[in-house]
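The values are calculated or read from the model by the stated rules, or taken from the named source; none is laboratory data. Predicted, not measured: the structure shown is a model, and the values here were computed from it. Don't worry about glycine lacking a Cβ; one is built from the backbone with ideal geometry, like all the others, and counts go over all protein chains shown. With ligands, DNA and RNA removed, areas are computed over all heavy atoms of the protein, side chains included. Shrake-Rupley method; radii C 1.70, N 1.55, O 1.52, S 1.80 Å.
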Amino acid sequence: MTSPTPFASGELTDRQVILILQEMTEELTAGAAVDTMPLDQEEALLLLDALRGTRPEAQPDAPPAVPEGAAACAAARRLLAVLADEPACADLATELLADPPDDSRLGGELAVPGVVVLAGTVAWLQTKVDIRFKRGGGKTEFEFRLGKEAADGSTLRELAAVIARLLGWPRQ
């Protein structure tokens, strides 16, 4: 592994941060089986709510789960900093931080920043925890499996807290 490039959030534009996250997410999820990734934004939100131990219908007045506008860009910078420090992502992050993608490298419209943050968060989560999606009867259930490196049962709670901070969600 190469030594990570120090991530200075002020050195990148919001657009560059989103493009880096978009490319990292595509690379991290390339070839993933359908039962290990959410099918859409709603399923990704259900996954994160399940990890946090919350249900969206139980909090009808809660703020939107997907950050928007300036909050999405701030969340994107926080997530990119986490990915740059993550051993499973550091090489890719170093490469992309040294040479940020431009619009032509991804060959399409720039995705909505909040959706990129959501997808990147799920991709990062998959580097920490094995997640299986069980779909049937119009419902989706999740199975979380901790790897051998997990020290104790607090790992999922810690990941849930990190995700809440990344996305700017209120503490539970």
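In the stretch 85-103, the residues that are under 19 Å from Trp124 (Cα atoms) form Cβ pairs under 7 Å with partners that are small (Gly, Ala, Ser) and surrounded by 12 or more Cβ atoms within 10 Å (Cβ to Cβ), at six or more places apart or across chains, as follows: Ala90/Ala84; Ala93/Ala84; Leu97/Ala84. Looking for something crowded, with 18+ Cβ neighbours inside 10 Å and modelled with pLDDT under 90 - is there at least one such residue anywhere in the stretch 53-65? Within the stretch 53-65, one or more residues are crowded, with 18+ Cβ neighbours inside 10 Å and modelled with pLDDT under 90.
Kindly check whether there is at least one residue in the stretch 146-164 that is open to solvent by 70 Å² or more (accessible area, probe 1.4 Å) and at pLDDT 90 or above. Taking every residue of the stretch 146-164 in turn, none turns out to be open to solvent by 70 Å² or more (accessible area, probe 1.4 Å) and at pLDDT 90 or above. Consider Glu11 carefully, then state whether it is at pLDDT 90 or above, out of contact with any Asp or Glu (no Cβ under 7 Å at 6 or more places or on another chain) and charged (D, E, K, R). Judged against the criteria, Glu11 is not a match. For the stretch 69-87, the set of residues classified as part of a loop (DSSP other than H, G, I, E, B) and either at pLDDT below 85 or loosely packed, with under 14 Cβ neighbours inside 10 Å (or both) consists of Pro87 only.
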